[in-house]
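The values are calculated or read from the model by the stated rules, or taken from the named source; none is laboratory data. Here the structure is a predicted model, which means the values were calculated and not measured. With ideal geometry, Cβ positions are generated from the backbone for all residues, glycine too; neighbour counts draw on all protein chains shown.
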Amino acid sequence: MRIGELASRAGVSVRSLRYYEEQGLLTSTRSSSGQRHYTDDQSERVMFIQRLYAAGLSSHTIMELLPCVDSPSHDNSDAALERMAQERNRLSRHITDLASTRDALDGLIAAARAYREQL
């Protein structure tokens, strides 16, 4: 199938598919005129990539997880699980930092309101 059909099936933009190829997440074959052609199973791969992006993973991290999909094995599965756990821990730290920042902003808002009331 051509790039437009894959984009339509997977619910993504053509631009996203080109980006996925640039990042090494997706492959295609080229016709003699240079048009990209994809296999039917590529739409599932694109939807999987979309779920990984939605989970907050970078293209670099997704690249690290794909061997688990492309060459399933206990070692690849263990590596993918470890990498996802690392990403979860990173996100948890970020959430904690954001909550602290929000609390500091709440303090500033309270101080500004108190000051305004004194005017």
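Looking at this structure, is residue 72 out of contact with any Gly (no Cβ under 6 Å at 6 or more places or on another chain), outside the structural domain of residue 10 (by TED's automatic domain parsing) and not in a helix (DSSP H, G or I)?
yes
Counting just the residues of region 1-51 that are outside any loop (DSSP other than H, G, I, E, B) and of a type in the set (Ser, Thr, Tyr), which one comes out farthest from the chain's Cα centre (by Cα)?
29
Within region 1-53, count every residue that is more than 24 Å from residue 80 (Cβ to Cβ) and hydrophobic (A, V, I, L, M, F, W, C).
Here the count works out to 5.
Please name all residue pairs, on different chains or six or more residues apart, with Cβ atoms under 6 Å, provided the first residue is in region 56-68 and is acidic (Asp, Glu) and the second residue is surrounded by 15 or more Cβ atoms within 10 Å (Cβ to Cβ).
Pairs that qualify, where the first residue is acidic (Asp, Glu) and the partner is surrounded by 15 or more Cβ atoms within 10 Å (Cβ to Cβ), are 64/83.
Select from region 1-26 the residues that are buried (at least 17 other Cβ atoms within 10 Å of the Cβ) and aromatic (Phe, Trp, Tyr) and list them in ascending order.
Residue satisfying the conditions is 20 alone.
Quick one: residue 56 ticks every box in (1) surrounded by fewer than 17 Cβ atoms within 10 Å (Cβ to Cβ); (2) assigned to a helix (DSSP H, G or I); (3) at pLDDT below 95 except a single one, so which number is it?
For residue 56, the exception is condition (2).
Could you please find all residues in region 59-76 being over 24 Å from residue 16 (Cα atoms) and surrounded by 13 or more Cβ atoms within 10 Å (Cβ to Cβ)?
76
Quickly run through region 27-45 and pick out the residues that are touching a strand residue (DSSP E or B) at 6+ places or on another chain (Cβ under 8 Å) and of a type in the set (Ser, Thr, Tyr).
28, 29, 31, 38
Out of (1) closer than 30 Å to residue 16 by Cβ; (2) outside the structural domain of residue 1 (by TED's automatic domain parsing); (3) at pLDDT 95 or above, the odd one out for residue 103 is which?
Unmet condition: (1).
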